[in-house]
Amino acid sequence: MSTVFLNLSAYRFVPLDELAALRQRTFDSAAAAGLKGTVLLAEEGINLFVAGAPDAARAWLAGLRADPRFAALDVKESFSDELPFRRLKVRVKREIIRMNQPQVQPAAARAPALDAATLARWLDAGRDDAGRELVLLDTRNGFEVDAGAFVGALDWRLEKFSDFPSAAAAHRGALDGRTVVTYCTGGIRCEKAALALQTAGVERVWQLDGGILRYLERVGGRHWQGRCFVFDERESLDADLAANA
């Protein structure tokens with residue numbers, strides 16, 4: 001009987017302090033649970049993608065959530081036949097997702113979040129509930145978009161996420177008068193991107209809550225084409241969140 005591994009993906013923008021001590025505690029608990037993967041910590045929050053035996057991974061997650069700062073951590077799950085990470089890394093960073101825009105602070109205020117079912121309904125109609133034209137904006141890197149994307153989404157061919165603010169300034173006119181929904185793999189990039197667009201004066205901007213992974217989990221492949229690139233040894237997932245082609 002083959003072993004099945006549970007993959008956990010989550011982030012939360014929440015003020016953190018004493019990062020060195022938190023890093024050590026997180027590393028020790030994840031190592032004791034036999035997990036592999038990466039946890040990023042910064043003053044703005046936590047970003048993690050780890051995998052391990054299902055019971056051990058869920059027990060570790062319960063321990064992490066015992067910290068009130070992580071109690072509301074929204075986790076996306078998938079399963080794989082092989083462990084998609086080779087080692088465990090817990091790192092302290094300046095940002096959990098780098099944008100180089102210190103005025104964008106998701107822990108202070110979020111842009112409106114759109115759930116997967118509502119997005120699918122809007123895409124069916126090509127409009128939002130107020131009848132305004134809808135545009136999906138992919139905030140991922142160009143090579144990720146090449147693997148798969150929502151049909152008809154805007155793609156600014158980003159080389160790295162920190163290019164997003166300058167790309168937004170260059171393409172600002174394409175968003176005027178439209179309802180914009182930003183999206184990414186798991187939600188972290190589109191959350192920052194939506195706030196950056198608000199700061200730039202875009203009037204109606206949403207973020208896809210939970211990103212592509214949550215959409216595929218809740219809706220399936222409707223309005224989606226191709227595969228979802230992931231940053232582990234699985235490389236990409238199909239619309240059923242399976243790694244096998």
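Rolling a 1.4 Å probe over the protein heavy atoms of segment 33-156, with every protein chain left in place, gives an accessible area that is 49 percent carbon and sulfur. In the chain, which longest range has no GluC sites (Glu not before Pro) that are both DSSP loop (not H, G, I, E or B) and surrounded by at most 11 other Cβ atoms within 10 Å? Of all site-free stretches, the longest is 19-158. For segment 107-245, DSSP calls about 30 percent of its internal beta bridges antiparallel. Cysteines of the chain lacking any other cysteine Cβ under 4.7 Å from their own Cβ: C228.
Under Stokes-Einstein, with the Kirkwood radius over Cα pairs standing in for Rh, what whole-number D in µm²/s applies to segment 31-94 at 25 °C and 0.890 mPa s?
Working: Rh = 12.5 Å.
The calculation lands on 196 µm²/s.
Amide H to amide H, with H built 1.01 Å from N, S236 comes under 5 Å of V230, counting only residues 5 or more places away or on other chains.
If you wrap a convex hull around the Cα atoms of segment 2-68, how much volume per residue is inside, in Å³?
Taking only Cα atoms, segment 2-68 has a hull volume of 72 Å³ per residue.
Note on segment 40-144: Cα-only Rg and Dmax are 17.7, 49 Å.
Taking Cα atoms only, the orientation of helix 54-65 departs from the longest principal axis of the chain by about 70 degrees.
With the cut-off at under 14 Å, measuring from each backbone N in segment 25-46 to a point 7 Å along the Cα-to-Cβ line of R91 picks out 37-42. Proximity of backbone amide H atoms, modeled 1.01 Å from N, is registered between L137 and L154, V181, T182, Y183 at under 5 Å, excluding neighbours fewer than 5 places apart on the same chain. A convex hull fitted around the alpha carbon atoms of the chain yields 121 Å³ per residue. Amide H contacts of V92 (H built 1.01 Å from N, in plane; Pro and chain starts excluded): L41 sit under 5 Å, all sequence-distant by 5 or more or on other chains.
Couplings 3J(HN,Hα) of segment 210-216, computed from phi: x, x, 4, 4, 5, 4, 5 Hz, in residue order, whole Hz [Karplus 6.51 cos²θ - 1.76 cosθ + 1.60, θ = phi - 60°; x for Gly and Pro].
Ligands, DNA and RNA are left out, and with a 1.4 angstrom probe the accessible area of the chain is 47 Å² per residue.
D155 exposes around 50 Å² of accessible area when a 1.4 Å probe is run over every protein chain in place. Considering only alpha-carbon pairs that sit under 8 angstrom and 6 or more positions apart, the relative contact order computed for the chain is 19 percent.
So which trypsin sites (Lys or Arg not before Pro) in segment 18-90 are both in a DSSP loop and have at most 12 other Cβ atoms within 10 Å of their Cβ? Walk me through the numbers before you get to the answer.
On the way: sites: R23, R25, K36, R58, R65, R69, K76, R86, R87, K89; in loops: R86, R87.
Passing both the DSSP loop test and the Cβ count: R86, R87.
Give me the angle, in degrees from 0 to 90, between the Cα long axis of helix 188-199 and the longest principal axis of the Cα atoms of the chain, rounded to the nearest 10. Value to nearest ten degrees: 40. For the residue pairs K36/K76; K36/K160; K36/K89, the alpha carbons lie more than 18 Å apart in K36/K160.
The values are calculated or read from the model by the stated rules, or taken from the named source; none is laboratory data. Values in this document were obtained by computation on a predicted structure and should not be read as measured data. Note that we place each Cβ from the backbone using ideal geometry, even for glycine, and neighbour counts take in every protein chain shown. Side chains included, ligands, DNA and RNA excluded: accessible areas come from the protein's heavy atoms. Shrake-Rupley method; radii C 1.70, N 1.55, O 1.52, S 1.80 Å.
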